[in-house]
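> Here it is, the structure, as structure tokens.
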Amino acid sequence: MATKKTSSPKAKKSGTLSIVVPCFNEEDVIDICHEEITRVVDSLPYDIEIIYVNDGSKDATLEKLRSLHSKDKRVVVINLSRNFGKEAAMTAGIDHVTGDALVILDADLQDPPDLIPDLIKMWKETDADVVYGQRTVREGETWLKKITAKSFYTIMNFIAHRVEIPKNTGDFRLMNKRSIEALRQLRENHRFMKGLFAWIGYKQVAMPYSRAPRAAGYTKWNYIGLWNLAMEGIAGFSTVPLKVASFFGLLISLLSFVYGVYIIIRTLISGVDVPGYASLTVMISFLSGLQLLSIGILGEYVGRIFGESKKRPLYFIEHIDK
Ligand code: UDP
Ligand code: MG
């Protein structure tokens, strides 16, 4: 792909770098975003391809992207048939990159394009397959979001089998050809990308950075969305909750058995006791709570099996402007 302008036009290009940006209702930031990205990549010794994936935006995002495409030949616009969510939008972008490496960025500039050269430098220095951005500061986020994020990573890594998901890491990362190829093979419908990124393995190194607040617009996440994402992560990468349910089931049956034996012996020795409504109520409510919880956990997994068994494509493309 030809680059129109670079800071040193005669410099020999050493391959193609693809930038993937998922966009959902980002009309406020998309122009600044493109300006920032081009400012940074213009000085890089690579041919550049910038893939914007319009994830069913309801505002003027698509029009803005199309006008960027008409002005800048490096821009590719993938327009999805509806809003599929960030994970699917990123997947669509990753499926279409042609570069030797890719960088995933958020449209709201929370993953600063200025760090692209640093990602590349680290990639070259460490010879890693993946260089992921690791947030040191989470500016513009509430304490509640920080705490929930922290506890999530702790629980997740405690129970995820073999795969370690790095803390404070988003989707901002550089991936080389073979890790892109690997990721493309993971076609599951329930996509917890942080988990999938980690799952492929290879050499992955962290690049610390401070995450900026949104440049404009507002976050599309709410706590229900985050809860669902967390469940996605846990149920997609671990069967520990199922084991916990059976463990407690076993433990409680054992305890009830011992208690039963104790009652029998006590009745034999000191006769029939005053009926114990209190202890009965406590036990019944405790056990029914536990049963509902276990059924709920089972349900999470059954729901995922249901979702995967349909084998639906991850997204549909309405049009690609190349
Ligand atoms: N995004 C998307 N589809 C969605 C929601 C978000 O493509 O359904 C994109 C959004 O345009 C942005 C990125 O994903 O580029 C991150 O979204 P956001 O800033 O809302 O999330 P946060 O930074 O708060 O995690
Ligand atoms: Mg954001």
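Nothing in this text is a laboratory measurement; each read-out follows from the coordinates by a stated rule. Keep in mind it's a predicted model, so treat the numbers as computed, not measured. Note: ideal-geometry Cβ built from the backbone for every residue, glycine included; neighbour counts use all protein chains shown.
> Only bridges whose two residues both fall in the chain count here: according to DSSP, what percent of them are antiparallel, nearest 5?
Of all bridge pairs located within the chain, approximately 35 percent are antiparallel.
> For Lys64, give me every one of the aspartates and glutamates with a C-alpha distance below 13 angstrom, ignoring sequence neighbours fewer than eight places off in its own chain.
Within the straight-line limit of under 13 Å, Lys64 reaches these aspartates and glutamates: Glu26, Glu27, Asp28, Asp31, Glu35, Asp72, Asp321.
> Under 12 Å between alpha carbons, and skipping anything fewer than 8 positions from Lys167 in its own chain: which aspartates and glutamates qualify?
List returned: none.
> Going by a ≥ b ≥ c, the root eigenvalues of the Cα gyration tensor, does region 189-274 fall in the rounded group (a/c under 1.5), the prolate group (a/b larger than b/c) or the oblate group?
prolate
> Going by average Cβ density within 10 Å per residue, which order do the peptides 53-60, 254-261, 242-249 take, highest to lowest?
In descending order of packing, they fall as 53-60, 242-249, 254-261.
> To continue, here is another question. Using Cα centres only, tell me the gap between region 88-141 and region 157-186 in whole Å.
What the calculation gives is 12 Å, centre to centre.
> Quickly estimate the mean residue ellipticity at 222 nm for the chain, helices only: each DSSP H run with n ≥ 4 gives -39500 (n - 2.57), and the total goes over all residues, rounded to 500.
-16000 deg cm²/dmol
> Right, something else. Given 4 °C and 1.567 mPa s, how large is the Stokes-Einstein diffusion coefficient of the chain in µm²/s, with Rh as the Kirkwood radius over Cα pairs?
58
> Would you kindly derive the ³J(HN,Hα) couplings of region 84-93 from the backbone phi angles with the Karplus curve 6.51 cos²θ - 1.76 cosθ + 1.60 (θ = phi - 60°), listing them in order in whole Hz, with x for Gly and Pro?
Values per residue, Gly and Pro as x: 9, x, 4, 5, 5, 4, 4, 4, 4, x Hz.
> In whole Hz, what ³J(HN,Hα) sequence does region 150-161 give by Karplus (6.51, -1.76, 1.60; θ = phi - 60°), x for Gly and Pro?
With coefficients 6.51, -1.76 and 1.60, one gets 5, 5, 4, 4, 4, 4, 4, 6, 6, 10, 5, 7 Hz.
> Quick one: 3J(HN,Hα) in Hz for region 230-244, Karplus 6.51/-1.76/1.60 with θ = phi - 60°, rounded, Gly and Pro as x.
5, 5, 4, x, 5, 6, x, 10, 7, 10, 4, x, 5, 5, 4
> Give the peptides 176-182, 280-286, 103-109 in descending order of average Cβ contacts within 10 Å, highest first.
103-109, 176-182, 280-286
> Which three lengths, in whole Å and largest first, does region 53-169 cover when its Cα atoms are put on their principal axes?
47, 37, 29
> Extending each Cα 7 Å along its Cβ direction at Ser151 and Glu308, get the distance between those two points in nm, one decimal.
Inter-label distance under the simple model: 2.8 nm.
> I want to make sure I understand the PRE zone here: with the label point 7 angstrom from the Cα of Arg214 toward its beta carbon, which residues in region 77-102 have backbone N atoms less than 17 Å away?
85-87
> Mind scanning Lys13/Lys177; Lys121/Lys145; Lys145/Lys194; Lys150/Lys177 and naming the pairs with a C-alpha gap bigger than 24 Å?
Lys121/Lys145; Lys150/Lys177
> Where is the GNM fluctuation largest for the chain (alpha-carbon springs, 10 angstrom cutoff): Tyr262, Tyr153, Tyr223?
Between Tyr262, Tyr153, Tyr223, it is Tyr262 that shows the largest mean-square fluctuation.
> Name the long-range amide H neighbours of Met207: under 5 Å, sequence gap of 5 or more, or other chain; modelled H, no Pro or chain starts.
Tyr132, Gly133, Gln134
> If the cut-off is a Cα-Cα distance under 19 Å, which aspartates and glutamates reach Lys311, setting aside same-chain residues fewer than 8 apart in sequence?
Glu87, Asp95, Glu188, Glu232, Glu300
> Using amide H atoms built 1.01 Å from N in the peptide plane, name the residues 5+ places from Asn83, or on other chains, whose amide H lies under 5 Å from its own.
none
> So how do 191-199, 17-25 stack up, highest first, on mean other-Cβ count within 10 Å?
Put in order of decreasing packing, that is 17-25, 191-199.
> Simple spin-label model, 7 Å along Cα-to-Cβ: Lys73 to Asn228 in nm?
Label-label distance for Lys73 and Asn228, simple model: 4.2 nm.
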